[in-house]
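Novice: Below you'll find the structure I mean.
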Amino acid sequence: MLPSNTRLLVASVVLGLSVCLLSPAPVSAGSPSFTLFTSVNDGWGSTNTSLNNPGPPLLVYQGDNVTLALNGTDSGRNHNWFIDYDNDSRDDANEPNSPTFQDTAISWNFTASVNGTYFYRDRFNPTNAGQIEVRAGSPPPGGIDNSVLIAIGAVVAFVAVVALLFWLMRKKPASKPKPENK
C-alpha cells in the first residue's frame, strides 16, 4: 500500500490533469466566408463553372458571422439565398434571407444562430438547393477535432499515472539498521 502522502500526490496529479483536459475550450465566433454562384437551370456552385444541384455543402458554427459573396450567372434573372429551416421551400420571416441579386455580385452577412443541418435555397427557384450545417460550439483548433485532443490527453494522463505508480511501488524502502546483539 502506498503511503498517504504518495496517494495524495497521485490523486492531485490525476485531478489536475482531468481538469486541464476536460475543460471546455473558450467559445468564440468565427467569420467564415463563402462565394456562391447560381443559375436557375444549373444550381449552385463555388465557381461559375462548377454549378450543380445540390450545391456545395457549407459548414459553419453557431454564433459565426457568415459572409456570402453571391453571384447570379444568368443575366437579368433574380436570385435570393436563404436557409430553409423548416424545409418547406419558402423563405420564412425567421430564416436568414439575402437581398435579391442578379448577375452583379453582392456581399451579405448573417449570424448562424440555429444549429442543425438544413438546405439553403434560391427563393426564385427553390429546387436549387445545397446543404448547410450549423454546428454547436466552435471550430476545432488547427483543424483537429477537440474529442481527438481530449482522447490523446486522457491516454497520456493515464500512462503518466501508471508510470508514477509503478515507479513508487518499485522504490525500495530505506532499510532499517539491525539492532546490535550484545
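Novice: By counting other Cβ atoms within 10 Å of each Cβ, how are Val60, Val159 ranked from fewest to most?
Specialist: Val159, Val60
Novice: In addition: Rounded to two decimals, what is Rg over Rh for the stretch 29-70 when you use alpha-carbon atoms and the Kirkwood radius?
Specialist: Rounded to two decimals, Rg/Rh equals 1.04.
Novice: Sum up the charges of everything whose Cβ sits under 11 Å from the Cβ of Phe37, counting Lys and Arg as +1 and Asp and Glu as -1, but leave Phe37 out.
Specialist: Taking every other residue near Phe37 into account, the sum is -3.
Novice: What number comes out for the charge environment of Tyr85, summing +1 per Lys or Arg and -1 per Asp or Glu over other residues with Cβ under 15 Å away?
Specialist: That sum, taken over residues with Cβ under 15 Å, equals -4.
Novice: Please report the relative contact order for the stretch 33-135, taking Cα pairs under 8 Å with a sequence separation of at least 6, and give it as a percent rounded to a whole number.
Specialist: 33
Novice: Would you mind ranking Leu58, Leu70 by Cβ crowding within 10 Å, fewest neighbours first?
Specialist: Leu58, Leu70
Novice: Past the 25 angstrom mark, what percentage of all C-alpha to C-alpha distances in the stretch 33-135 do you count?
Specialist: Working: 435 of 5253 pairs.
Roughly 8 percent, once rounded to a whole number.
Every number here is computed from the coordinates shown, using simple stated rules; none is lab data. Small disclaimer: the values here were computed from a predicted structure and weren't measured. Cβ atoms come from the backbone with ideal geometry, glycine included; neighbour counts cover every protein chain shown.
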